[in-house]
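The structure under discussion appears below in the form of structure tokens.
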Amino acid sequence: MGEFIVALARIAGRLILVFAGVTAAFALYSCTRGGPPRRPPDSPATIPLLTSPPIIGVRLSAGTDASQVVLSVAGPYEFRRHDTGEVLSRGESLPASGLTAREGACLIGTTPLRGGDVDCVPGKDGTLRVGETAYRGSLRCIAIGNRITVVNRLDLEQYLAGVLGSEAPLDWPDASLEAQCVAARSYALWQMRSARSRGADQADLTDDVSSQVYLGMRNETDRSRAIVAATRGAVCVFNGGLFPTFYSNTCGGHTEPAFLVLPNDRPPDIAPLMGRPCEFCELSPRYSWSESFPRKEIASRLGAGGLSADEVTQVRILEKAPGGHAVKIGVATRKQSTERVMTGLEFRLALGARKLMSTKFEVAPAGDSIRFTGNGWGHAAGMCQMGAFRMGKSGFDSLAILKYYYPGAEVVRLYE
Ligand SMILES: [Zn+2]
């Protein structure tokens, strides 16, 4: 566990320079307060040093625009207005109760809460449950019309202890888990700042793969908490700014430029996200795979384009990224004379991201079906997790892993 600290100490000289840069950026913003800042303070690239971990808001998929959410607290609790903190009601414990919305106001059971934006704050951390799952922090309950949305608000470090156990097996080497943790922290902060700069005031992240998988305390263990503590506050930066530290399971031999394989995220086209060869994930069970799809099924899965009653005759890769992942794909059908062109990402999501493991594949006709023979699992931008696992096994420390997969990036501590 101490490895990470040792690694940081080893680059202490450089680290101090980076810290100095970050401090200077912060000082610049501080000095210009009252006048126009040279860089907007809410830009995702701005990383002032913090005194403590930020409180983040994670929208729970179990309670997104839902008709009801089941909430319980095993101890004292209060419901407070989110904007003013005014206490609306309190109790010694809350048995499992339906949280619902009626005309923009929250109800717990049949009791109205006199507000449509209410925090449920437990007296003791970790006693709050949504359904069967325990959560740290508090729960923001937002009523819109007759639908309810819930957002778990908690300390970033506590959030990471839950994410780590959901995004990587906790029996991995320390170095691999530490690298995963720093990547996850950096990604969460980047998403938080992006959300806030867009003016999103409900939540910073979701609890699924569109942010990072977070299942409350379900996958939190002593080990995940220890890894988070060993890397506390550490994030990846490039040119003094945060960037989206993407990661995926198995790159299949070469990570890819993020802007090519994740066009919807509009990632910056910077050195740490440009991709590089990876010889470390060869032993991944997802390194090679093969899957067949009936021609009619492909057409119906791509149905949004009007192909549903049709049959796909040919799938062609029109453009590939340097590592071989498809960037543009052409789909021809029996009924339509013109080929439909789509991004590799659109094609994979339409066919099912768990069935079509990646966009690095060869296509071959197989009678009524089309066979895809490919490599890797996931989008292949940023860190290759199975590569990080193997690097850790081979004795690389977490800093070496991060610097391998995000070339040119530095690791700094944003807070103690
Ligand atoms: Zn790899």
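The values are calculated or read from the model by the stated rules, or taken from the named source; none is laboratory data. If you're wondering where the values come from, they're calculated on a predicted model, not measured in any experiment. Every residue, glycine as well, gets a Cβ built from its backbone with ideal geometry; the counts of neighbours run over all protein chains shown.
With in a loop (DSSP other than H, G, I, E, B) and closer than 27 Å to F246 by Cα as the only criterion, which of L170, L189 stands out?
L170
Which of the residues belonging to the range 96-110 are farther than 12 Å from V70 by Cα and in a loop (DSSP other than H, G, I, E, B)?
Within the range 96-110, E103, G104, T110 meet the criteria.
For R114, state whether it is more than 23 Å from the chain's Cα centre (by Cα), more than 27 Å from P53 (Cβ to Cβ) and in contact (Cβ under 8 Å) with a residue 60 or more places away in the chain.
So R114 does not fit the description; no.
Which numbered condition in (1) crowded, with 24+ Cβ neighbours inside 10 Å; (2) within 18 Å of E167 (Cβ to Cβ); (3) in contact with a strand residue (DSSP E or B) (Cβ under 7 Å, 6 or more places away or on another chain) is the only one that P272 fails?
So the condition that P272 fails would be (2).
Only residues that are buried (at least 16 other Cβ atoms within 10 Å of the Cβ) and modelled with pLDDT of 70 or more: list them for the range 34-53, please.
Selection gives P53 alone.
Restricting attention to the range 183-195, does a residue exist that is surrounded by fewer than 19 Cβ atoms within 10 Å (Cβ to Cβ), modelled with pLDDT under 95 and within 20 Å of D65 (Cβ to Cβ)?
No, the range 183-195 contains no residue that is surrounded by fewer than 19 Cβ atoms within 10 Å (Cβ to Cβ), modelled with pLDDT under 95 and within 20 Å of D65 (Cβ to Cβ).
Can you tell me how many residues within the range 111-136 are at pLDDT 95 or above, basic (K, R) and outside any strand (DSSP E or B)?
Number satisfying all stated conditions: 2.
Just one of the numbered conditions (1) crowded, with 20+ Cβ neighbours inside 10 Å; (2) without any contact (Cβ under 8 Å) to a residue 24 or more places away in the chain is not true of V121; which one?
(2)
Take residues that are surrounded by fewer than 21 Cβ atoms within 10 Å (Cβ to Cβ), more than 16 Å from the ligand (Cβ to nearest atom) and of a type in the set (A, V, I, L, M, F, W, C) and tell me which of the strands (runs of 3 or more DSSP E) falling wholly in the range 300-416 contain 2 or more.
The qualifying strands (runs of 3 or more DSSP E) are 312-320, 326-333, 340-343, 361-366.
Tally the residues that are within 16 Å of the ligand (Cβ to nearest atom) and outside any helix (DSSP H, G or I), restricting the search to the range 220-261.
13
Could you list all residues from the range 74-88 that are surrounded by fewer than 15 Cβ atoms within 10 Å (Cβ to Cβ) and in a strand (DSSP E or B)?
If the condition is that a residue be surrounded by fewer than 15 Cβ atoms within 10 Å (Cβ to Cβ) and in a strand (DSSP E or B), then V87 is the only one that fits.
Under 8 Å between Cβ atoms, at least 6 apart or on separate chains: pull out the pairs that start in the range 240-269 with a residue that is over 23 Å from F280 (Cα atoms) and of a type in the set (S, T, N, Q) and end on any residue that is more than 16 Å from the ligand (Cβ to nearest atom) and part of a helix (DSSP H, G or I).
Between residues of the range 240-269 that are over 23 Å from F280 (Cα atoms) and of a type in the set (S, T, N, Q) and residues that are more than 16 Å from the ligand (Cβ to nearest atom) and part of a helix (DSSP H, G or I), the close pairs are N264/L345.
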